[in-house]
Amino acid sequence: MGNGDVSAGVSPQDGGRGQPVQTPCALPLEFEAFYLGHQEFFHDFAEIHLGSRRAAEQVVHQVFVEILKGWDDLLMHADFEQQTLAVLHRGVTHRLQRDERPPAFLNGHITSNLEAIRSQLEITAGTTDLYEAILDLPTRQFTVVVLRHLLGYPTKRIARYMGLDPRTVDYHGRKAKERLCIRLGLTAASKDQKGTGQ
């Protein structure tokens, strides 16, 4: 074998094993960087909703394919990160609807995380009520609650994934808490939070 020719000296009896590997299609460099920087987060987000890593991998693969198909258009949006989060959210939601089941929030450690949120907000409503209220939050508020309270991501990491300033992430977290309090009939707690700037 010479000059790097990996197919030289290959016998026809090799059954094609010695055939040169086809070059994969070229992906935009920016897309590859986006994939490498976001795939862990996308998988975590999908898994917490779908309850299994396998289902999460299937959905996230479809999500990245959809993002790639619309890549050039997405890059033109000022809110690029929010647009890609919307694709992820839509992909997870479609899978749950197809499977005719709610998100898997109430499994194992997630239940204790919901209990911690209840305690933090001094909510006496049941875990299921809080869970349903979280599902009704606007997309950005919902994402912050899931990433911060259910996945335990720090604010800076959430900000990076959402393409927001950390203060904006905190703002959406506060608004989500206020909305949850109102939804669960805790308007006094909501007013207290507004007054303290928390």
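Structural remarks
- Pair list, Cβ under 6 Å, 6 or more apart: the range 157-177 residue touching a residue at least 12 places away in the same chain (Cβ under 8 Å), other residue polar (S, T, N, Q): V169/T155; H172/Q141; K175/Q141; A176/Q141
- For G18: the one exception among (1) modelled with pLDDT of 85 or more; (2) open to solvent by less than 50 Å² (accessible area, probe 1.4 Å): (1)
- Within the range 40-54, residues that are in contact (Cβ under 8 Å) with a residue 40 or more places away in the chain have Cβ atoms under 6 Å from residues that are β-branched (V, I, T) and open to solvent by less than 10 Å² (accessible area, probe 1.4 Å) in these pairs: F42/V60; A46/V59; A46/V60; A46/V92; H49/V92, counting only partners at least 6 apart in sequence or on another chain.
- Of all residues in the range 117-130 being open to solvent by 20 Å² or more (accessible area, probe 1.4 Å), in contact with a helix residue (DSSP H, G or I) (Cβ under 7 Å, 6 or more places away or on another chain) and assigned to a helix (DSSP H, G or I), the one that is modelled with the lowest pLDDT: T127
- Just one of the listed residues (L137, L164, L186) is buried (at least 19 other Cβ atoms within 10 Å of the Cβ), at pLDDT 85 or above, of a type in the set (A, V, I, L, M) and farther than 18 Å from I48 by Cα, and it is L164.
- Filter result (under 13 Å from E30 (Cβ atoms) and open to solvent by less than 80 Å² (accessible area, probe 1.4 Å)) within the range 58-78: I67, L68, W71, L74
The values are calculated or read from the model by the stated rules, or taken from the named source; none is laboratory data. Quick caveat, the model's predicted, so the values are computed rather than measured. FYI the Cβ positions are ideal-geometry reconstructions off the backbone, even for glycines, and counts take in every protein chain you see. The area values use the complete protein model at the heavy-atom level, side chains included, leaving out ligands, DNA and RNA. Shrake-Rupley method; radii C 1.70, N 1.55, O 1.52, S 1.80 Å.
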